[in-house]
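Right, one structure below, let's go through it.
The values are calculated or read from the model by the stated rules, or taken from the named source; none is laboratory data. Bear in mind the structure is a predicted one, so any value in this text is a computation, not a measurement. Every residue, glycine among them, receives a Cβ derived from its backbone with ideal geometry; neighbour counts consider all protein chains shown. Protein only, heavy atoms only, side chains kept; ligands, DNA and RNA dropped before computing areas. Shrake-Rupley method; radii C 1.70, N 1.55, O 1.52, S 1.80 Å.
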Amino acid sequence: MRYITHIKYWSLFSLSIIFLGGCKKEYLERPPKDSIVDASFYKTDEQVMASTALLYSKVWFDYNDKATYNLGDFRAGTAFSAYNDRGNVMFNTTGLNGDNAAAYRSFFIVIAQSNSAIVNINRYAGDGVSPAVKKHAIAEARFMRALAYRYLVMNYGHVPIITNNEELLTDTSIRRNTAGSVWKFVTNEMRAVAADLPEAPVRPGRVTKWSAEGMLARFYLTRAGFEKSAGSRDQSFLDSAKYYSERVIKSSGHMLLNNYANLFTFPYDNNSESLFSLQWTYAPGSWGAQNSTPAYLAYSGDIANGDGWGGDKGATWWMLNQYEGFAPTAIPNQIKGRTIDQRLKATFMLPGASYPEISQTLNGAEQKLVYPFMGSDANFVAIKKYVTGKAKDVGGQAAQQNYGHDTYMMRLAEMYLVYAEAVLGNNASTTDGTALGYFNKVHMRAGLPKFEAALTADVIFKERIVEFAMEAMAWYDLVSLHYYNPEKAYGILKSQDRGLFFARPDVFPNPTQWTFTKTSWATTDRTVDANSGNFRLPIPTAEENQAPNLKKPEVDYYAK
């Protein structure tokens, strides 16, 4: 079975080497590349901590590389590519799709490496390893494994729960487990992890109790929909989401950054808002330890480092309509205006917008970036998030497909919106003062006026879309909605316009407003047909063809 073959390979590989080379970040200090992992290893606290450091980067590389935005944003309709990645853009992700396969593979690599770390630490940790460090390292591995399973169950539904890859080497009977038992497993795991992790990171970037409790808030909010009854979300899980999100808000010591744009302006790693980030490092000659994603997002080599391949990527027409301030004109298929929502400029680039932190090569000379105005009836509102510029803009820490800044996996802002949604629950609206206050922490940080009306599901959903666009979150918001209201999820997807349009500034540079007009000749491939037959991601064809057990009925993991 191919998916087992992948897991077997990575299990054996992780038993033989530590496969991350040296780097400059303290939390990634480790023995030299290719150090043997055997009975002579795991003898000190430092060695044990080094053994779990790789779980913060390289095992996630295949997912982070391109699958993050392909599945999390293109498929969700917040952004699109006009000429590439069309299967995901048009909601036709097949079993042959490369980024679907990369994500699936990466999640099982995370699981296999986490399992191996747990086995190896329990087997080899000597008397020189303190009980606290041993407990911490195992908790890190369980955290990563639970998170990988969260992605798997939301994308693919029923998947096999594997906790020991060595046993798998001789077990050919493994079956997929029910989605319900996977959700129970990941929640149980994260509860145990929260009890074993410290409140403060032992090293910068390492997960904490608050990272785990934040994940619990996320898990419970989603499970409330999964465990629906007659279309109503499970109230006990909504209460748990409220409980854990408020604990993180009140007790973690994490704080929202004052300026939203600073979340993605170098250097931003491990800031006060980050609850968990993948820890990449600028690593010439060590493929997989670096962040490669900016290479595919930057709109041109003029602002990049021998890459900059995102010229046909940008916000969708639907996404632009989520920002306050743009309204239809008398001309059909046209909107016009400006927004005071600071998140638009920090997420996407409009023609004429200035980014003084990024260097731009123009006509052989360099200047501070002003996003160009080009075209006559079609152009792109390019992607800004995670695009930090040339090597000179980031202290020399950048090269082609090699960037050192981290990838957010959870920010404190999510906890404020989780709390608001958990309080809303199954009600049509809420005027709860605490929920409104937390919602406004996020809303007003973006420069918007205080929201004084009642909160509704649509208001909170829109806020999440705008807050987390291009952070691979939107798709999972739609999956969460689909659990308890599939028709509404389909309706949102069907309503999205994902086609070409033209963005025209009133003046250039430093416009005061923009006019957006749909491209008249681009009349096809503007909308998608989301339905029960194409909503869930298909298991990659190569895996399914070589894994007959994947086609057998799923079983309850806990009914052994």
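For the range 326-335, the criterion of being closer than 21 Å to Glu357 by Cβ, modelled with pLDDT of 95 or more, of a type in the set (A, V, I, L, M, F, W, C) and outside any strand (DSSP E or B) is met by none of the residues. Within the set Lys488, Lys441, the sole residue that is touching a residue at least 12 places away in the same chain (Cβ under 8 Å) and part of a helix (DSSP H, G or I) turns out to be Lys441.
Residues of the range 529-556 that are open to solvent by 40 Å² or more (accessible area, probe 1.4 Å), over 30 Å from Arg498 (Cα atoms) and either assigned to a loop (DSSP other than H, G, I, E, B) or touching a helix residue (DSSP H, G or I) at 6+ places or on another chain (Cβ under 6 Å) (or both): Glu544, Gln546, Lys552, Pro553, Glu554, Asp556.
Name the one entry in Thr407, Thr434, Thr456 that is in contact (Cβ under 8 Å) with a residue 12 or more places away in the chain, within 30 Å of Trp317 (Cβ to Cβ), among the β-branched types (Val, Ile, Thr) and surrounded by fewer than 18 Cβ atoms within 10 Å (Cβ to Cβ). When all the criteria are applied, what remains is Thr456. The requirement of being among the aromatic types (Phe, Trp, Tyr), open to solvent by less than 10 Å² (accessible area, probe 1.4 Å) and not in a loop (DSSP other than H, G, I, E, B) is satisfied by Tyr355.
Answer yes or no: is there a residue in the range 215-228 that is surrounded by fewer than 21 Cβ atoms within 10 Å (Cβ to Cβ) and part of a loop (DSSP other than H, G, I, E, B). The answer is yes; a qualifying residue exists.
Residues being open to solvent by 10 Å² or more (accessible area, probe 1.4 Å), aliphatic (A, V, I, L, M) and within 30 Å of Ser40 (Cβ to Cβ) are represented in the range 156-172 by at least one member. Asp312 meets each of the listed conditions (1) touching a residue at least 12 places away in the same chain (Cβ under 8 Å); (2) surrounded by 16 or more Cβ atoms within 10 Å (Cβ to Cβ); (3) of a type in the set (D, E, K, R) apart from (2). From the list Lys336, Lys345, Lys392, Lys384, the one residue that fits, being of a type in the set (Lys, Arg), in contact with a strand residue (DSSP E or B) (Cβ under 9 Å, 6 or more places away or on another chain) and farther than 30 Å from Lys450 by Cα, is Lys392. When you go through (1) among the basic types (Lys, Arg); (2) free of Cβ contacts under 8 Å to residues at least 40 places away in the same chain; (3) exposed (fewer than 15 other Cβ atoms within 10 Å of the Cβ) one by one for Arg203, which number turns out not to apply? If we test Arg203 against (1) among the basic types (Lys, Arg); (2) free of Cβ contacts under 8 Å to residues at least 40 places away in the same chain; (3) exposed (fewer than 15 other Cβ atoms within 10 Å of the Cβ), just (2) comes out false.
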